[in-house]
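Contents: one structure, followed by commentary.
What follows is calculated from the coordinates using simple rules that are stated; it is not laboratory data. Note that the structure is predicted; figures quoted are calculated from it, not measured. FYI the Cβ positions are ideal-geometry reconstructions off the backbone, even for glycines, and counts take in every protein chain you see.
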Amino acid sequence: MADAPGPDGTSAARVEITRDEVAHLADLARIDLSDAELDHLAPQLSVILESVASITGVAGEDVPPTSHALPMSNVMREDVVVPGLSAEQALSGAPASEQQRFSVPRILGDEQ
Amino acid sequence: MTETLLSFEESLERFDPAMGLEVHVELNTNSKMFCGCPTEFGAEPNTQVCPTCLGLPGAMPVVNRTGVESAIRIGLALNCRIAEWCRFARKNYFYPDMPKNFQTSQYDEPIAFEGFMDVDVDGETFRVEIERAHMEEDTGKSLHVGGATGRIHGADHSLVDYNRAGIPLIEIVTKPILGAREKAPQIAKAYVAQLRELIVALGVSDARMDQGSIRADVNLSLSPKGDGGLGTRTETKNVNSLRSVERAVRYEMQRHAAILAGGGSILQETRHWHEDTGITTSGREKSDAEDYRYFPEPDLVPVAPSREWVEELRGTLPENPTVKRARLQAEWGYSDLEMRDTVGAGALALVEQTIAAGASPQAARKWWLSELARRANDTETDIAALGVGPADVAAVQALVDAGTINDKLARQVFEGLYAGEGSPEEIVAARGLAIVSDDGALGAAVDSAIAANPDVADKIRDGKVAAAGALIGAVMKEMRGQADAGRVRELILEKLTPAG
Amino acid sequence: MIRHSAAELAAALEAGETTSVALTRACLDRIAEVDGSVHAFLHVDAEGALAQAEASDARRAAGETRGPLDGIPVAVKDVLATEGLPTTCGSRILEGWVPPYDATVVTRLREAGLPILGKTNMDEFAMGSSTEHSAYGPTRNPWDLDRIPGGSGGGSAAAVAAFEAPLAVGTDTGGSIRQPGAVTGTVGVKPTYGGVSRYGLVALANSLDQAGPVTRTVLDSALLHEVIGGHDPRDSTSIDQPLPALVEAARAGASGDLTGLRVGVVTELGGEGYQPGVLARFTEALDLLVEAGAEVVEVSCPTFVHALATYYLILPAEASSNLAKFDAMRYGLRTWPEGVESPSAEEVMRATRDAGFGDEVKRRIILGTYALSSGYYDAYYGQAQKVRTLISRDFAAAFEKADVLVSPTAPTTAFRLGEKLDDPIAMYLNDLATIPANLAGVPGISVPSGLADEDGLPAGFQVLAPALADDRLYRVGAALETLLAKKWGGPLLDRAHALAEEAAR
């Protein structure tokens, strides 16, 4: 999918993302892209990817990742029940409901 | 639908099984893992939900401390190491019963890892290595409408209830279990049974397999005998009783063996266990689902249990099950075989509670391993889910001990309990099961038995007291088993022997 | 009346010179007058706002005023959940969705007695720098209606700049409060990450998002910041300690004395790519700070050159997962695929997400899906998280040498609508100077620095402070504001004539 960006991080290598790959990603993301959208998106994504791929190699092995700017840990709540929504509130935005449940189109696959 | 199976014996002649067990334990916390919603089983649909567990835009999770505590305690009880620092991760996949379309779980940083459990099978100990135990959340539940009998296939649409979404789960994953050979099915069952026992002892879950608070997935693969490698595995879901764990392993071994022996190859897939037919069927083929795009959950911060906290929790652990079993066996005076049968039936905790409720060890074992184990088998129900609990069993035995009923009548009391006719006392009263020891009623029955069996009566008169048994039998028959046998004997002897 | 700052209005309320109902009505009238041109609002809640204003007046009459901003109307970016008011995030996929709950920020606004005028326009799910990616049409810059108001929070900035509201709340993931502030001549603050609760803020990139004030003056921002900020147990990333004294810092700064302050100019945030007029105003502003007693030092943050790339990996990755919940099952749009008989849930999800998301959202979802997919995680998302560490280290080193860091807020003034719509990279470059603060979680403010000579449009001056030191933003921002107003003889917004001309036409 992508040429390995240069080890020095400057990434002279071209990163290209093909139409088929975009289609696969759209599939993973559950978006039905039309042919026209695929044609339009693939080159744009290649350009974006090429520019973001420049960070490869910028940080060495020894650099720890930062997921949150301010380091915190052990933020927990006590195991106490607090009032939530009524079923009516919960279902208020539902496109369809039945028997106090969210009505959804037939489900194809199995649970994971 | 019907698959070709190779016989179990032949399967083993040609292949070695490798097993992996993934057990999901639903914790019995008051509130959900990431929000304050209640966790009651069986509440009205969508009444235990809030913006967070419904995945409404903008809502955020906050970790339940007791959920983490339970996870650590389970980890410690499984001899695991407890992470000094770990995170939650998002497991991304789309499914209508999953409100956010990602499950908040743990990925490469589980809270507990590298443990083991020693499993007893036929008096031998088999060590099952635990790879990890991690925290995650449950999904909602779908009801499939239209089509045939509520099954997902052929349904017209589905109705989703998110009450269960967000309830804390601990997933316990074993390392591949190798070398189990013909004992693989038993080891699988014994592992889940013992794990369940452990969970009960920890008090962290309702541990009801029938309600799904313990769910087992069975991974199985075969490799050519002696090859030492790992074959392609299938993951069988929905294995919701101890008995099914054993059956599912056996079934998949035989199914794999038939395919491999026929030169075919195993499709890596999820399979579904059907309790009613005892087979597995193909579920989802794993295509894109493999790519879960895990990444650390940015709405949560790391969990870094202090060593002090971990030690404090270690102090709350119940007795080690192996040690406890030895202690109980000594206390109860059970033979090795009796103890093994009790454990094997998944009834150890039940027996213990029955004894605690006042029954003698032998009586408790007798009822659980005969009457109730038979019932569980006949109805394909988990022995813990028969609707008859330790208190009931102890109450029945108390009635026997008091002479109100005998063992035979007790079985009828159990029938009443299965049918939900009330407490043992109420059933005895309602069904009129109490033993009759009133001399008036018994005397008449004795007289008619003597009259109907003059030759037997003569023998007794001649001093052959042993012949009384026949007359007692006749009286019991007439009184539908409800006569006090001891008193009947006394009455017969009084009437027929001079000394009487 | 509508041109007064919130602090002035609060004083007028206090003095009994006006009422909250009068203020609220004036804002609603102004919205009715100009919002047809500006389109800052997606939803106006006249009835609700007036009811809240009445309640505020009643409290005041009873001597039960809840705080300094009780009765001052506010506009809320449509990315924050408001119970009973539509919340669309500028997206078709949430059209008509009315949340059954309030974001914590909104709860705090209500508790402090601020009538909520309505919800402001934004780029769809806050993805953009121009508000052109709103599914409901762009917002226009009150300085020039053919130009963008910045984004993603163009609606909040334009509402404040067009005097439709004295106060607004925005959110800033990579500059969405500060850059609109710069191009509309208003003040915008991105607080320290964790300083304002994100509960109820529809997440774009959870580790970067931060809600903050959008106002016309620095003091107003401090007042609003103190209302919405502070610890929230419902947001696990919320900082569990009291806010610094922000209003006090703003008042102190307004004296115009910055003696002893070390101001760091970041080499990497300026120069090439920056419009000359923007740089000229920046330099002038810097000179004023020196006159006020500040010492200027040059600092280098070498990894900032990677900030944009880092940002465009982290953001799409988190966003692709956040936006998965918009699947037509529980709320929002449900689109049935055409020509499919009895479609499955899966097919309805796909059709809905195609119909409901705009191009930019789809671009970023695909990009994020790619960055997280197996085999690419380490090279992209994982690497980006590491570069983030380096950027934080650069900040730490810079803050050793300087108390605050400064730069132009945005490289250019407002560009024309449509100009960069189909050139994502050009659009992304707008956030060059604002993104590093989000990656490191540090707070930042944009204060108007004047009008660029070449186009007569406003430019912004950005001040960044170390995490938790939001008070420094207010001190420096207020000082600069005071010094510039003295120089100009009044606030910059006095020179925004587009709307008056429009109205006169």
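Only the Cβ atoms of Lys and Arg (+1) and of Asp and Glu (-1) were treated as charged; on that basis the dipole of the protein assembly as shown about its Cα centre amounts to roughly 1240 debye.
Once the C-beta distance of B:L230 and C:A62 is scaled by a Förster radius of 56 Å, the resulting FRET efficiency is 0.15 to the nearest 0.05.
Largest first, the extents of the alpha carbon coordinates of region C:135-248 on the three principal axes equal 44, 33, 18 Å. Here, P(r) means the percent of Cα pairs in each 20 Å bin from 0 to the largest distance; for the protein assembly as shown it is 11, 35, 28, 15, 6, 3, 0. Note that region C:152-165 has calculated 3J(HN,Hα) couplings of 6, x, x, x, 5, 5, 5, 4, 6, 5, 8, 6, 7, 8 Hz, one per residue in order, obtained from phi through the Karplus relation 6.51 cos²θ - 1.76 cosθ + 1.60 (θ = phi - 60°); glycine and proline are x.
Charging the Cβ of each Asp and Glu at -1 and of each Lys and Arg at +1, and nothing else, the dipole of region B:364-500 about its Cα centre rounds to 420 debye. Couplings 3J(HN,Hα) for region B:384-391, derived from phi with the Karplus relation 6.51 cos²θ - 1.76 cosθ + 1.60 (θ = phi - 60°), are 7, 10, 7, x, 10, x, x, 5 Hz, where x marks Gly and Pro. Does region B:156-196 come out rounded, prolate or oblate by the C-alpha gyration tensor, with a ≥ b ≥ c the root eigenvalues, rounded set by a/c under 1.5 and, if not, prolate when a/b is larger than b/c and oblate if not? Judged from the Cα gyration tensor, region B:156-196 comes out prolate (a/c at least 1.5, a/b above b/c).
Taking each residue as 0.36 nm, the span from C:D378 to C:T283 lengthens on full extension beyond its C-alpha to C-alpha distance by 30.1 nm. Scaled against 2.2 N^0.38 Å for its residue count N, the alpha carbon radius of gyration of region B:319-431 is 1.05.
Among the GluC sites (Glu not before Pro) within region C:202-287, which fall in a DSSP loop and have no more than 13 other Cβ atoms within 10 Å of their own Cβ? When the GluC sites (Glu not before Pro) of region C:202-287 are filtered for loop state and at most 13 Cβ neighbours within 10 Å, C:E272 remain. Overall shape: prolate for region B:439-496, with the ratio a/c of the largest to smallest alpha carbon gyration tensor axis at 1.5 or above and a/b above b/c. Look at B:D401, C:D403, B:D276 and count the other Cβ atoms within 10 Å of each Cβ; fewest to most, that gives B:D276, B:D401, C:D403. Cα centroids of region B:89-164 and region C:347-384: 25 Å apart. Counted over chain C, the DSSP beta bridges are approximately 65% antiparallel. Placing unit charges on the Cβ atoms of the charged side chains and taking the dipole of region B:382-432 about its Cα centre, the candidate lying farthest along the positive direction among B:V413, B:A385, B:A395 is B:V413.
Between region C:401-434 and region C:49-118, the alpha-carbon centres lie 31 Å apart. For A:A96, the residues 5 or more places off, or on other chains, whose built amide H falls under 5 Å of its own are A:S103. Full extension of the chain between B:R461 and B:D447 gives 3.6 nm of extra length, using 0.36 nm per residue less the Cα-Cα distance.
Here chain C is assigned +1 on the Cβ of each Lys and Arg and -1 on the Cβ of each Asp and Glu. Its dipole about the Cα centre then comes out at about 480 debye. Comparing Cα centroids, region C:141-206 and region A:73-94 end up 30 angstrom apart. Binning the C-alpha pair distances of chain C at 10 Å intervals from 0 yields a P(r) profile of 4, 21, 33, 27, 12, 3, 0, 0 %, listed from the shortest bin outward. The relative contact order of chain B comes to 15 percent, based on Cα pairs under 8 Å that sit 6 or more residues apart. Note on C:T18 and B:A419: the model spin-label points, each 7 Å out from Cα along the C-beta direction, lie 8.2 nm apart. Ranked for footprinting exposure by Cβ neighbours inside 10 Å, fewest first, A:D35, C:D220, C:D70, B:D118 give A:D35, B:D118, C:D70, C:D220. Straight distance only, please: which lysines reach the Cα of B:K183 with their own Cα at less than 20 Å, same-chain residues fewer than 8 apart left out? List returned: B:K175, B:K225. Here the residues B:V343, C:V79, ranked from fewest to most Cβ neighbours within 10 Å of their Cβ, fall in the order B:V343, C:V79. All other residues whose Cβ lies under 12 angstrom from that of C:V404 are scored, Lys and Arg at +1 and Asp and Glu at -1, for a net of 0.
Its relative contact order, with pairs defined as Cα atoms under 8 Å and 6+ residues apart, puts region B:319-431 at 20 percent.
Spacing of the modelled spin labels on B:A398 and C:D423, each 7 Å from Cα toward Cβ, amounts to 8.8 nm.
In order along region A:43-60, the phi-based Karplus estimate (6.51 cos²θ - 1.76 cosθ + 1.60, θ = phi - 60°) of 3J(HN,Hα) comes to x, 4, 5, 4, 5, 5, 4, 4, 6, 6, 5, 4, 7, 4, x, 5, 9, x Hz; Gly and Pro are listed as x.
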